[in-house]
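Here is the structure we will look at.
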Amino acid sequence: MKKLDDKKRRKEIEAYYAQLMIGFLRTLNVRKIDLDSASKIVRKVNDTGSDQPRAVLAYHLALMKTVFKFSSALTAPMIIDSPNQQDQDTTNVAAMIALILSSRPDNGQTILGTVRLHDQVVEDGDVIELVDELSALSPDQYPGILDTINPFLAMM
């Protein structure tokens, strides 16, 4: 606990987060935000309009990268559903997707749900295109998935 509460370590973590957050805000063209308060880890993003989804994304990506750098704890995947909130223009939504793809941690998983990639290319990950409306699996996939899951269900 003493190591975790070390003031020098805390300052290092806060400085790392602030650097990421400010860089991400600039990358995402978020203009109407107080950078001093946005660079605090406990910051609640209160912006409105089309800047808000970009500011919230910057916050979560900066927080995720900070956690991965300074913690050895098991982390859940980062799941981002529909980054194109509040009808971002094509430049901003492309920048959002590009930042999501470029800021993924090497030892973590990022899941992005989106209708379009807005000309962004996933070079080091898998793109799964869902083709059946309102379903992640095609009906012909159910038997194979059930065969895989049944042993686990039997153990429960």
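The values are calculated or read from the model by the stated rules, or taken from the named source; none is laboratory data. As the structure is a computational prediction, the values presented were derived from the model and not from experiment. Methodologically, a virtual Cβ is constructed for each residue, glycine included, from the backbone with ideal geometry; neighbour enumeration extends over all protein chains shown. The area values use the complete protein model at the heavy-atom level, side chains included, leaving out ligands, DNA and RNA. Shrake-Rupley method; radii C 1.70, N 1.55, O 1.52, S 1.80 Å.
Here are some notes:
- Residue in region 35-45 that is assigned to a helix (DSSP H, G or I), without any contact (Cβ under 8 Å) to a residue 12 or more places away in the chain and not hydroxyl-bearing (Ser, Thr, Tyr) present: yes
- A count restricted to region 77-96 and to residues that are in contact with a strand residue (DSSP E or B) (Cβ under 7 Å, 6 or more places away or on another chain) and either part of a helix (DSSP H, G or I) or at positive phi (or both) stands at 1.
- Count of region 62-80 residues which are β-branched (Val, Ile, Thr), open to solvent by less than 60 Å² (accessible area, probe 1.4 Å) and within 25 Å of Leu117 (Cα to Cα): 1
- Some residue of region 139-146 being out of contact with any Cys (no Cβ under 6 Å at 6 or more places or on another chain), open to solvent by 90 Å² or more (accessible area, probe 1.4 Å) and in contact (Cβ under 8 Å) with a residue 12 or more places away in the chain: no
- Restricting the first member to region 70-94 and to residues that are among the hydrophobic types (A, V, I, L, M, F, W, C), and the second to residues that are assigned to a helix (DSSP H, G or I), the beta-carbon pairs closer than 7 Å and six or more apart or on different chains are Phe70/Ile13; Met78/Met64; Ile80/Ile100.
- Failed item in (1) under 20 Å from Ile41 (Cα atoms); (2) of a type outside the set (Lys, Arg); (3) open to solvent by 30 Å² or more (accessible area, probe 1.4 Å); (4) modelled with pLDDT of 95 or more, with Ile100 passing the rest: (3)
- Listed by first and then second residue, the pairs linking a residue in region 106-124 that is more than 19 Å from Asp89 (Cα to Cα) to a residue that is in a loop (DSSP other than H, G, I, E, B) and among the charged types (D, E, K, R), with Cβ atoms under 6 Å apart and 6 or more places separating them unless they lie on different chains, are Thr110/Arg104.
- Residue among Arg26, Arg31, Arg9 that is open to solvent by 40 Å² or more (accessible area, probe 1.4 Å), over 25 Å from Asp119 (Cα atoms) and either out of contact with any Pro (no Cβ under 9 Å at 6 or more places or on another chain) or not in a loop (DSSP other than H, G, I, E, B) (or both): Arg9
- Every residue from region 105-114 that is in a loop (DSSP other than H, G, I, E, B) and either more than 16 Å from the chain's Cα centre (by Cα) or of a type in the set (Gly, Ala, Ser) (or both): Gly108
- Being surrounded by 11 or more Cβ atoms within 10 Å (Cβ to Cβ) and not in a helix (DSSP H, G or I) holds for only one residue in Val127, Val122, and it is Val122.
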